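Here's the structure we're looking at; comments come further down.
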Amino acid sequence: MRVAVVGAGPSGIYAAEHLASEYQVEVDVYDSLPVPFGLVRYGVAPDHVSIRSVRDKLAQTFENPMVRFRGNVSIGRDVSAEELQEHYDAVVYTYGASLDRELGIPGEDHQMSIAATAFVRWYTGHPDAIDFSEYLTSTADVAVIGLGNVAVDVTRILIKPVAELDQTDIPQHVLDALARSTVRRVHVVGRRGPAHATFTTKELKELGEIPGVDVIVNPADLPTDIAQASAGNKIVARNLDVMTEWSQREPEADKSIEFHFYCAPESMDLESGVLRVNTMKIDQEGRLGPTGEKKEISSDLVIRSIGYRGEGLPGVPFDQATNVIPSLESAVIGLEHSYVAGWIKRGPSGIIGTNKKDAVSCINTLVAGRNESSATSAEQIDQLLADRNVAVIDFDGWKRIEAHEKKLGQSRGRERTTVHNLDELIRIGLGL
Ligand code: NAP
């Protein structure tokens, strides 16, 4: 049996691992990028070194001769979903959710209003990233909209002293841009309150530990009874403890992170450096509604961090309302021998580990439904890609890229430095 996995992020690699180790199935893991690891490389913040090192554990899967990495192959462009179905016994879609969501408010199309997804791509060195280097040199106030872990990551990277980043693998041009940054204040803006935020406590707490940066929380936004407000949710209770301690601190630094809870973005006028919000309240029934009052938040740059969104792939069913591939127990509805796991199945939530359980259950469903193999040989799909002049990067190619990144980093006194240029990644990956 031979299976194709589309997307070499954690979900795809966990799926490949289970197929190869548990069921001795041959797997080809495709990715449109020349490097594997998905959001572990292009989502996890550079200063979260230990989470990024999950990469090394994931890489072990490709050491198994049953598993091949097929990087720099775009499904839908280089090879179609139909062709994958012809060549493999089953196809597993695990390509995640990479698009951003919009607020739909006036002024949002201004150049200085950007998506967190784009900003994250920039600071992690994604080859398709927009270069935001110059955005930070004309900016003192940044508003980050959203109360999730991505908002926390973006806030931390914006305000953290660069000395704390230079031992990470952050791309050199990003480190240089952050060193020139004029950002002084980050305003974290949420339409609901501290008890409704989706931060995890470890990530939230880090904001209060950044040297030279105050964290400002208005005590009036905090519930007086944490036990009641958290309603048995331990993460919420811990978050409220952290924020309560912050609300009692005296500001003393010249940089700050200020939380603006119960503020729903209404419009932005970034020529004048203003984000306008409606202040909100939650009524007795728990419904969120405007108080009727407005507030202005100084913002030279607005970064909306309101969630990721999945996109469809030609030839694969897609639910436009929920932005996922529709499935029943991981089997794609409306497409034979096709399965789905990760964010493109469940939507953009959960931590890396959440995807392991999901991928394992997906593969168990796949294997339970398998028939006699009708897959073509590995040589046939390789020949098809070669005939189309697709420069496939394999796992040895990744190792060449990794060795190059380590050498590059060490030449600058860093452990490794991420290469962000696509042509360069492909050239190094091909050993040219
Ligand atoms: P998220 O946790 O879903 O947070 C999205 C935020 O956007 C929420 O606060 C939401 O508020 C807000 N929002 C949505 N629509 C809005 C609107 N129209 N106006 C104002 N606010 C709006 O998503 P995320 O931060 O993108 O994170 C995605 C997943 O990755 C999460 O599971 C996260 O934990 C994970 N992640 C983990 C780490 C880590 O572990 N270190 C790091 C990064 C990401 P409402 O609640 O009011 O809708």
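Brief remarks follow.
- Förster radius 25 Å - calculated FRET efficiency between Thr365 and Thr322, Cβ distance, rounded to 0.05: 0.80
- With Cα atoms, 0 to 90° folded angle of helix 354-368 axis to the chain main axis: 30 degrees
- Largest first, the extents of the alpha carbon coordinates of the chain on the three principal axes equal 66, 54, 36 Å.
- Straight-line cross-link partners of Lys205 among the lysines, defined as a Cα under 19 Å from its Cα and at least 8 positions apart when in the same chain: Lys160, Lys234, Lys255.
- Those trypsin sites (Lys or Arg not before Pro) in the range 255-306 that DSSP places in a loop and that have at most 14 other beta carbons within 10 Å: Arg287
- Restricting the range 336-424 to GluC sites (Glu not before Pro) in coil, as DSSP defines it, with at most 10 other Cβ within 10 Å: Glu336, Glu372
- Cα centroid separation, the range 158-217 to the range 381-429 (Å): 30 Å
- Cross-link reach is defined here as a Cα-Cα straight distance under 18 Å, omitting same-chain residues fewer than 8 places apart; for Lys294 the lysines meeting it are Lys281.
- Helical content alone sets the calculated 222 nm signal of the chain at -9500 deg cm²/dmol, taking -39,500 (n - 2.57) per DSSP H segment of four or more residues and averaging over every residue.
- Amide H contacts under 5 Å for Val332, placed H, 5+ residues apart: Ser338, Tyr339, Val340
- Per-residue Karplus couplings for the range 305-311, computed as 6.51 cos²θ - 1.76 cosθ + 1.60 with θ equal to phi - 60°, are listed in order as 10, 10, x, 8, 8, x, 10 Hz, Gly and Pro entered as x.
- If R0 equals 56 Å, the separation of the Cβ atoms of Ser374 and Asp254 corresponds to a calculated FRET efficiency of about 0.25.
- Alpha-carbon centroid distance for the pair the range 117-137 / the range 308-349, whole angstrom: 28 Å
- With Cα atoms, 0 to 90° folded angle of helix 234-247 axis to the chain main axis: 40 degrees
- Rounded if a/c under 1.5, otherwise prolate or oblate - the range 102-160, Cα gyration tensor axes: rounded
- Local charge for Ala386 was computed over the other residues whose Cβ lies under 15 Å away, with Lys and Arg +1 and Asp and Glu -1, and equals -4.
- The alpha-carbon of Lys356 sits under 22 angstrom from the alpha-carbons of these lysines, leaving out residues fewer than 8 places away in its chain: Lys57, Lys202, Lys345.
- Angle between the chain longest axis and helix 395-410 axis [Cα atoms, degrees, rounded to 10]: 40 degrees
- Multiplying the residue separation of Val162 and Ser21 by 0.36 nm and subtracting their alpha-carbon distance yields 46.6 nm.
- Hull-based mean projected area of the range 132-233, where the convex hull spans the alpha carbons, in square nanometres: 7.3 nm²
- Anisotropy class of the range 138-191 from Cα gyration tensor, a/c 1.5 cut: oblate
- Comparing mean-square fluctuations of Val367, Val120, Val188 from a GNM of the chain with C-alpha springs under 10 Å, the top value falls on Val367.
Read-outs throughout are calculated quantities, based only on the coordinates presented, and are distinct from any laboratory measurement. Keep in mind the model is a prediction, meaning the values are calculated, not measured. Ideal geometry is used to build each Cβ from the backbone, glycine not excepted, and the neighbour counts take in all protein chains shown.
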